[in-house]
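Beneath this line is the structure, given in structure tokens, with notes to follow.
The values are calculated or read from the model by the stated rules, or taken from the named source; none is laboratory data. These numbers were taken from a predicted model, which means no experiment stands behind them. Neighbour counts are summed over all protein chains in view; Cβ atoms, including those assigned to glycine, are modelled from backbone coordinates with ideal geometry.
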Amino acid sequence: MTYKVVPFSAAVSNTEGASHLASQVEGIISSYASSGWEYVGIHQLQTFKAGSSGCFGLGAAPPTTITTEFIVFRQ
């Protein structure tokens, strides 16, 4: 069995709701399904990004946690 993991970022404006987000996900699922991929699920991965001290303290950035969504398919 082969798996494909596709990064997904939800893009919803202030005037759009959950139905717009659902349409985005549906479009991706339909696109991969037409190529023979079966939808498995949407999963989140959290990654820790270390901060930096910058140059002489200028441009310093604190450490952050980044959350990314992925849509998983199998074939």
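Residue-by-condition table, conditions (1) surrounded by 10 or more Cβ atoms within 10 Å (Cβ to Cβ); (2) polar (S, T, N, Q); (3) assigned to a strand (DSSP E or B); (4) on the phi < 0 side of the Ramachandran plot:
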position: 12; (1), (2), (3), (4): yes, no, no, yes
position: 20; (1), (2), (3), (4): yes, no, no, yes
position: 24; (1), (2), (3), (4): yes, yes, no, yes
position: 28; (1), (2), (3), (4): yes, no, no, yes
position: 32; (1), (2), (3), (4): yes, no, no, yes
position: 39; (1), (2), (3), (4): yes, no, yes, yes
position: 45; (1), (2), (3), (4): yes, no, yes, yes
position: 65; (1), (2), (3), (4): no, yes, yes, yes
position: 71; (1), (2), (3), (4): yes, no, yes, yes
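Table: residues versus (1) among the charged types (D, E, K, R); (2) more than 16 Å from residue 10 (Cβ to Cβ); (3) more than 12 Å from the chain's Cα centre (by Cα).
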{"position": "27", "(1), (2), (3)": "no, no, yes"}
{"position": "32", "(1), (2), (3)": "no, yes, yes"}
{"position": "38", "(1), (2), (3)": "yes, yes, yes"}
{"position": "48", "(1), (2), (3)": "no, yes, yes"}
{"position": "59", "(1), (2), (3)": "no, yes, yes"}
{"position": "63", "(1), (2), (3)": "no, yes, yes"}
{"position": "71", "(1), (2), (3)": "no, no, no"}
{"position": "75", "(1), (2), (3)": "no, yes, yes"}
>> I'm trying to understand the selection: among the residues of the stretch 47-63, which are of a type in the set (A, V, I, L, M, F, W, C), outside any loop (DSSP other than H, G, I, E, B) and exposed (fewer than 11 other Cβ atoms within 10 Å of the Cβ)?
In response: 48, 55, 58
>> I'm trying to understand the selection: among the residues of the stretch 1-10, which are under 24 Å from residue 66 (Cα atoms) and either over 16 Å from the mean Cα position of the chain (by Cα) or assigned to a helix (DSSP H, G or I) (or both)?
In response: 3
>> Go through the stretch 29-75 and report how many residues are in contact with a Pro (Cβ under 9 Å, 6 or more places away or on another chain) and at pLDDT 95 or above.
In response: 2
